[in-house]
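Worksheet for the structure shown next.
What follows draws every value from the coordinates through simple rules; no lab data is involved. As the structure is a computational prediction, the values presented were derived from the model and not from experiment. Here Cβ is always computed from backbone atoms with ideal geometry, including for glycine, and neighbour counts include all displayed protein chains.
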Amino acid sequence: MNVLDIRGLTKKFGEFVAVDNMSLTVREGEVFGFLGANGAGKSTTINMVSSLLRPSSGEIRILDRDITKQSRFAKLNLGIVPQDLAIYEDMTAYENVSFFAGLYGLRGTQLKERTEEALEFVGLCDKAKSLPKNFSGGMKRRLNIACAIAHKPKLIIMDEPTVGIDPQSRNYILTSVRNLNESGCTIIYTSHYMEEVEEICSRIAIVDHGKIIAEGTKEQLKSTITDVKDIRIEVKSALPAAAGALKAIPGVRTVLQEENMIRIHSDAAVDNLNRILKQLLDDGMEIRSVEEQEPNLETVFLTLTGRNLRD
Amino acid sequence: MWKDIWFLVTRTLRATFRKRSTIILYFGLPIAGILASLLLYGSQGTTELRVGVVNGDEGQTIAADTVRFVQGLDHVKVVNVTQQELHDQLAASDLDSGLIIDSGYSESVRSGSPDHIAIQSVKGAQVTAYMKSMLYGYIDNVAAMGRISGGNDAKFQQLYDRYRSADFKVTSESVNDTSTTKEMSYQSIGFLLMFMMTSAVSLSELILKNRENRTYFRVLSSPINARTYVLANILMNLIVMLAQIVIVLFFMRVVFRIDPGMPVAQMFGILLLFSLVSVSVSLVIVAFSKSTAMAGALSNLVVTPTCLLSGCFFPISIMPDAIRRVSDFLPQNWVLQSIEKLQSGAGFAGVWFNLSILLAFAVVFFLIATYKFGRNNDTRNFV
Ligand SMILES: Nc1ncnc2c1ncn2[C@@H]1O[C@H](COP(=O)(O)OP(=O)(O)OP(=O)(O)O)[C@@H](O)[C@H]1O
Ligand SMILES: [Mg+2]
């Protein structure tokens, strides 16, 4: 069964097209990765799925039912973990979760049980009676998740749930995503961290300018770029001028500089490593190491969009 | 839907009133308003004169009646003391003045030439002038009866008895008393109107606050829709207003025993109507504000000046004509006018017009707010 079905979805803000005729299917039991650079249209899409924004055109179905025609059903089966925290600072962790779960009609002992369950799930049981004011960033993020899952939705959408937190909390969150998935939840996961997405997502869509430009399993995505090689050259100190000359070399597609690491994507078919190295030496750079990387999601992203995911 | 609304209302109220500071803000301040009006009007006309009486002419009717006369004077409080106590308490300023009646006083009045009576004071003549003039007027009257009866006991008694039954006129002064309590209750209501408006704004501001902390959008992604959410906010606001009104009227009537000079139920009704107005005004302020900071600024710009112009802080009658004309456009003034009318004896029928105007204010502001809310559709900060 398809948990989420998006067809021809478009959102315009005035003249600006934020989401452009997007179609997408998420099947039951998947952890679906949603990748895109800043402003790609991820949050706009999620806002429309959660009925906060009205689409300019197109159709959204959750569990095979149209979300405008059966909005209550859609909302009951959906949990949203927003990119920015959405919790009450002056209510305790327990009251926060219990409040949001109550909005889904839970009352009495059931409400109490589900609240405790959700808090335990994110490891905040011992902080139930504390105010989020005094929480660390990671704890707030976990509470943000607990507020979205207490009503046991079939589909959970997480928009960058791990941004800016300590490694311990991040591991906790990644584990809970896996646990949620094992307990039968379908999850849509947005992140800027490629390693996370590679680790937990079974299928991935890459969004750019409001369009999905690639979709499939990690392996499928990587196999689309066998014609590209990813060369990493470590130099003592990179000169800013280097990029232009390198791009002129036949076969070179993109050049990225990160401090003293130069990353070059080039056609696999063209033998140009010697020319590249000569160019760098001519520019007076001191080469420390040269490495050809296996293609990973980042390479895929870079090749498809010409941009780094994190800028 | 009502279940959802009630859930939102109770949860929000519980979270809001957990902090002691909010309880003080919403309920302590209006009570302080009553206290302030008590001080304002309580001290104005009634600087009480504390008089110590040394009655050395005991057992005599005229001496006893004289003391009772002084007791009956407005703004005078009488305590019976000995000569020594009078001396000490005057020195310690526990008393303002002393009335000393020596034995033989009654006899001297009866014979037509009053004697054996003295007034002492430390504060100076003007304190005792009022009492002196009243008292001497009284003694002169009785002495005149003594002279007329010319030693005839039966004739004096007859004249004196008639005089005594007439002097109940003195108590008719108490009409003045309720005018003070009327002013006090009027003023308390004036303050209450302002506190109702400010608390209405800060409760409606929760809508903006929850937009800013994005919980509003989380609520909207649940089966609760925007209309239910705003209705719950309005209901919660009205509940708080109701509690404010009940508490203020209770403190005014039961704790401080101020007689408003009109039925409390009528006052309650008018204030309830005003709670609709203040909630609708607060919704307009919130609908036109992009942030809580802006709503706070708007509220400062709207609430305090309009309360000032409509006579919430001091009677409008002392203001120039132009301002009084402006106040016709302010709902607070219509409340205060209604209360004034009812206090001066007009029946409920006499304020129908005022009440319809208030209702019209509420309806118009609700409509404006609804219209504006419908056009704000900014969900930008979520997800
Ligand atoms: N209410 C709005 N009015 C006008 N433009 C908007 C509105 N909301 C979003 N946009 C624009 O739509 C585009 C997509 O924004 P969106 O928030 O969906 O990006 P995103 O993929 O979530 O990016 P990020 O990774 O930064 O969260 C952006 O260019 C944004 O400026
Ligand atoms: Mg986003």
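How far apart, in nm, are the 7 Å Cα→Cβ label points at residue B:313 and residue B:107?
With each label placed 7 Å out from Cα toward Cβ, I get 6.5 nm.
Arrange the following residues from fewest to most other Cβ atoms within 10 Å of their Cβ: B:219, A:17.
Working: B:219 21, A:17 16.
Going from sparsest to densest Cβ surroundings: A:17, B:219.
Trypsin sites (Lys or Arg not before Pro), restricted to region A:22-81: which are DSSP loop and have at most 10 other Cβ atoms within 10 Å?
Details: sites: A:27, A:42, A:61, A:65, A:69, A:72, A:75; in loops: A:69.
Hits after loop and neighbour filter: A:69.
Over the Cα atoms of region A:21-111, what radius of gyration and what Dmax do you get, in Å?
15.4, 45
I'd like the Karplus ³J(HN,Hα) series for region B:84-91: coefficients 6.51, -1.76, 1.60, θ = phi - 60°, whole numbers in Hz, and an x wherever there's a Gly or Pro.
Couplings: 5, 4, 4, 4, 5, 6, 5, 5 Hz.
Give, as ranges by residue number, the residues of region A:6-46 whose backbone N falls under 16 Å from the point 7 Å along Cα→Cβ of residue A:163.
Only A:34-46 pass the distance filter.
Which of A:173, A:276, A:225 moves the most in a Gaussian network model of chain A with Cα springs under 10 Å?
Comparing A:173, A:276, A:225 in a Gaussian network model of chain A, the most mobile one is A:276.
Mind checking Rg over Rh on region A:2-222, alpha carbons, Kirkwood formula for Rh? Could you put the intermediate results ahead of the total?
On the way: Rg = 17.0 Å, Rh = 17.7 Å.
Ratio of gyration radius to Kirkwood radius: 0.96.
Residue by residue through A:82-92, how many Cβ atoms from other chains fall within 10 Å of the Cβ on average?
Working: counts 8, 4, 6, 4, 12, 4, 8, 2, 6, 6, 2.
For peptide A:82-92, the averaged partner shielding equals 6.
Please list, in chain and number order, the residues 5+ apart from residue A:20 or on another chain whose amide H is under 5 Å from its amide H, with Hs placed from the backbone.
A:11, A:211
Please give the FRET efficiency for residue B:288 paired with residue A:217, using the beta carbon to beta carbon distance and R0 = 51 Å, rounded to the nearest 0.05. Before the final figure, lay out each step's value.
Values: r = 51 Å, r/R0 = 1.00.
Efficiency, from the Cβ-Cβ distance: 0.50.
Please work out the ratio of the alpha-carbon Rg of region A:75-135 to 2.2 N^0.38 Å and round it to two decimals. Could you put the intermediate results ahead of the total?
On the way: Rg = 11.5 Å, N = 61, 2.2 N^0.38 = 10.5 Å.
With N residues counted in region A:75-135, Rg over 2.2 N^0.38 Å equals 1.09.
Name the shape class, rounded, prolate or oblate, that the alpha-carbon gyration tensor gives for chain B, where a ≥ b ≥ c are the square roots of its eigenvalues, rounded holds for a/c under 1.5, and otherwise prolate holds if a/b is larger than b/c and oblate otherwise.
Details: a/c = 3.74, a/b = 2.97, b/c = 1.26.
Taking the square roots of the gyration eigenvalues as a ≥ b ≥ c, chain B is prolate.
In a GNM of chain B with a 10 Å cut-off on Cα contacts, which of B:232, B:362, B:64 has the highest mean-square fluctuation?
So, out of B:232, B:362, B:64, the one fluctuating most is B:64.
Treating only the Cβ atoms of Lys and Arg (+1) and Asp and Glu (-1) as charged, compute the dipole magnitude of chain B about its Cα centre; round to the nearest 20 debye. Show your work: numbers first, answer last.
Working: 32 positive and 27 negative charges, 581 e Å.
That gives a dipole near 2800 debye.
Just to be sure I understand: with springs between alpha-carbon atoms less than 10 Å apart, which residue in A:231, A:287, A:213 has the highest mean-square fluctuation in the Gaussian network model of chain A?
A:287
Grab the beta carbon distance between residue B:155 and residue B:120, set R0 = 25 Å, and tell me the FRET efficiency rounded to 0.05.
Working: r = 35 Å, r/R0 = 1.39.
Given R0 = 25 Å and the Cβ-Cβ separation, E is 0.10.
R0 = 60 Å: FRET efficiency of residue B:19 with residue B:349, Cβ-based, nearest 0.05?
On the way: r = 44 Å, r/R0 = 0.74.
Between residue B:19 and residue B:349 the formula returns 0.85.
At 0.36 nm per residue, minus the direct Cα-Cα distance, what do residue B:376 and residue B:253 gain on full extension? Give it in nm, one decimal, please. List each step's numbers first, then the result.
Values: separation 123, 0.36 × 123 = 44.28 nm, distance 4.44 nm.
This chain segment gains 39.8 nm when fully extended.
Note down the magnitude of the dipole of region A:1-64 about its Cα centre, charges +1 on Lys and Arg C-beta and -1 on Asp and Glu C-beta and zero elsewhere, to the nearest 20 debye.
On the way: 7 positive and 7 negative charges, 35 e Å.
Dipole of region A:1-64, to the nearest 20 debye: 160 debye.
Would you calculate the separation in nanometres between label points at residue A:281 and residue B:61, each defined as 7 Å from the Cα along the Cα-to-beta-carbon direction?
13.9 nm
Run through region B:234-292 and list the trypsin sites (Lys or Arg not before Pro) located in a DSSP loop whose Cβ has at most 15 other Cβ atoms within 10 Å. Walk me through the numbers on the way to the answer.
Working: sites: B:253, B:257, B:290; in loops: B:257, B:290.
The qualifying sites are B:257, B:290.
Where in chain A lies the longest segment free of GluC sites (Glu not before Pro) that are both loop residues by DSSP (not H, G, I, E, B) and have at most 11 other Cβ atoms within 10 Å? Don't jump to the answer; show the numbers that get you there.
Details: sites that count: A:15, A:259, A:286.
Of all site-free stretches, the longest is A:16-258.
Rounded, prolate or oblate, given the Cα gyration tensor of region A:248-302, with a/c below 1.5 counting as rounded? Kindly include the intermediate steps, with their values, before the conclusion.
Details: a/c = 1.90, a/b = 1.31, b/c = 1.45.
Because a/c hits 1.5 or more and a/b fails to exceed b/c, region A:248-302 counts as oblate.
Taking the Cα atoms only, what angle lies between the long axis of helix B:174-212 and the longest principal axis of chain B, rounded to 10 degrees?
Compared with the principal axis, the helix lies near 20 degrees.
How far, in degrees from 0 to 90, does helix A:273-282 lean away from the longest principal axis of the Cα atoms of chain A, to the nearest 10?
70 degrees
Order these by the 10 Å Cβ neighbour count, fewest first: A:125, B:312, A:201.
Numbers: A:125 13, B:312 27, A:201 23.
The order, fewest Cβ neighbours first, is A:125, A:201, B:312.
Distance check, please: which entries in A:152/B:290; B:77/B:155; A:12/A:247; B:77/B:341; B:209/B:372; A:154/A:222 exceed 28 angstrom between their Cα atoms? Spell out each step's value before the answer.
Details: A:152/B:290 34 Å; B:77/B:155 33 Å; A:12/A:247 36 Å; B:77/B:341 33 Å; B:209/B:372 18 Å; A:154/A:222 30 Å.
Beyond 28 Å between Cα atoms: A:152/B:290; B:77/B:155; A:12/A:247; B:77/B:341; A:154/A:222.
Can you pull the percent of Cα pairs in the protein assembly as shown with separation above 47 Å? Could you put the intermediate results ahead of the total?
Values: 115069 of 240471 pairs.
Above the 47 Å cut-off, the protein assembly as shown has 48 percent of its Cα pairs.
Compute the Cα gyration tensor for region A:184-311, then decide on rounded, prolate or oblate, letting a ≥ b ≥ c be the square roots of its eigenvalues: rounded whenever a/c is under 1.5, prolate when a/b is larger than b/c in the other cases, and oblate in all that remain. Please report the intermediate quantities before stating the final value.
Values: a/c = 2.42, a/b = 2.08, b/c = 1.16.
Judged from the Cα gyration tensor, region A:184-311 comes out prolate (a/c at least 1.5, a/b above b/c).
Do any trypsin sites (Lys or Arg not before Pro) in region A:105-205 lie in a DSSP loop with no more than 10 other beta carbon atoms within 10 Å, and if so, which? Display every interim value, and only then the final one.
Working: sites: A:107, A:112, A:114, A:127, A:129, A:133, A:140, A:141, A:142, A:154, A:170, A:178, A:203; in loops: A:107, A:129, A:154.
Listed in order of number, the matching sites are A:129.
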